[in-house]
Amino acid sequence: APYAIRFALPPGADPVQIAGGMNPGMSSWLPLIFRKRESEKLGTVLILGVTGMAGLLAVQNAFALGAEGVIGAGRNAEGLQQAAAKHAQTVALTGERQTDGHAIANALGKSAPSLVLDFVWGEPAEATFDALASAEFQTEDKADIAYVQIGSMAAAEASLPASLLRSRRIRVTGSGLGSASLADVMAQVPIYMNLIADGRVKVPTRVFPLSRIAEAWAAKESGRRTVVLLE
C-alpha cells in the first residue's frame, strides 16, 4: 500500500531554502557521503555540469564534507562565476572534445580526483576520460578514482575507452533512485535538511505564489531555483 514518509523541518529552517535545495542537493550528497565512507577523505572532487543548480550545490556539499579542492567544469559563464564564488576552480568547456580534455587535464595537474560527479555525460564525459587517461598523476599507485554518472543533460550516451579502464584504478557507477537503498536515502534526508537550515549550503531561489504558477513554470532564470508557495 502507498505510504508517506514525513520529516519535520529543523528549528528555524527557511522552508523556501529546503524546498529549493533538497532534490538537486541530494543528487550529489549521496555519492559524496558514500565516497567519504569508503576512502575516509574526499581529496579533489571534479564536477561536470557545475553551472546547473545541482552542480552549484555539489560544490558546497563537497566542501561541507571536507573536500581538499573542487574543480567545476561547464559552459555557462554566469554559472561558472557562481561556482567560483563558492571557491571552486572552474573550467570553461567549449564542446570540442580535444580542447576540453586538455583544459580538464590542466586543471587536474598532478592530482588525481578522488571523485568525479557527472551531471551531463556525452562529450564532457568523453573529454574527461581523455584527461584522466593522459594525465601524469604524482602518485600513480594511489590514484583511485570513483566516477559517478548522475545526469545526462549533454547526451544519453558517451564512449568509455577500454584503455582507460585498463590503465587507471577507476570505477564507473551511476547514482539515482535505483543505486542506493531507500533506507540509506531516507537516513540522509534530515541530515541534509540541517545542512541547508544552518546555512552551510545556500540555495539561490526565486519565489512565486500559486496564483502565478504558469509564470513560475515558464521561468528559466539562470542560477536560481524556482519555488512555488501555496496561498
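Structural remarks
- Scanning the range 105-124 for residues that are crowded, with 17+ Cβ neighbours inside 10 Å and either more than 15 Å from G52 (Cβ to Cβ) or touching a His at 6+ places or on another chain (Cβ under 7 Å) (or both) gives A105, A107, L108, S111, A112, P113, S114, L115, V116, E123.
- Scanning the range 88-99 for residues that are farther than 17 Å from V116 by Cα and surrounded by 14 or more Cβ atoms within 10 Å (Cβ to Cβ) gives a single hit, R97.
- Only listed residue being at pLDDT below 95, in contact with a strand residue (DSSP E or B) (Cβ under 9 Å, 6 or more places away or on another chain) and either of a type in the set (A, V, I, L, M, F, W, C) or under 17 Å from A180 (Cβ atoms) (or both), chosen from L9, L42, L46, L56: L42
- Residues that are crowded, with 23+ Cβ neighbours inside 10 Å and not in a helix (DSSP H, G or I) within the range 43-66 comprise V45, L46, I47, L48, G49, V50, T51, listed in sequence order.
- Considering (1) touching a residue at least 24 places away in the same chain (Cβ under 8 Å); (2) within 19 Å of A155 (Cβ to Cβ); (3) touching a helix residue (DSSP H, G or I) at 6+ places or on another chain (Cβ under 6 Å), the lone condition that V91 does not fulfil carries the number (1).
- Within the range 125-142, the set of residues being open to solvent by 40 Å² or more (accessible area, probe 1.4 Å) and assigned to a helix (DSSP H, G or I) comprises D130, A133, S134, E140, D141, K142.
- Residue that is nearest to the chain's Cα centre (by Cα) [pool: residues in the range 1-42 that are over 12 Å from N61 (Cα atoms) and open to solvent by less than 30 Å² (accessible area, probe 1.4 Å)]: R35
The values are calculated or read from the model by the stated rules, or taken from the named source; none is laboratory data. This one's a predicted model, so the numbers in the text were calculated from it and none came from an experiment. Here Cβ is always computed from backbone atoms with ideal geometry, including for glycine, and neighbour counts include all displayed protein chains. In case anyone asks, the SASA skips ligands and DNA or RNA and just uses the protein heavy atoms, side chains included. Shrake-Rupley method; radii C 1.70, N 1.55, O 1.52, S 1.80 Å.
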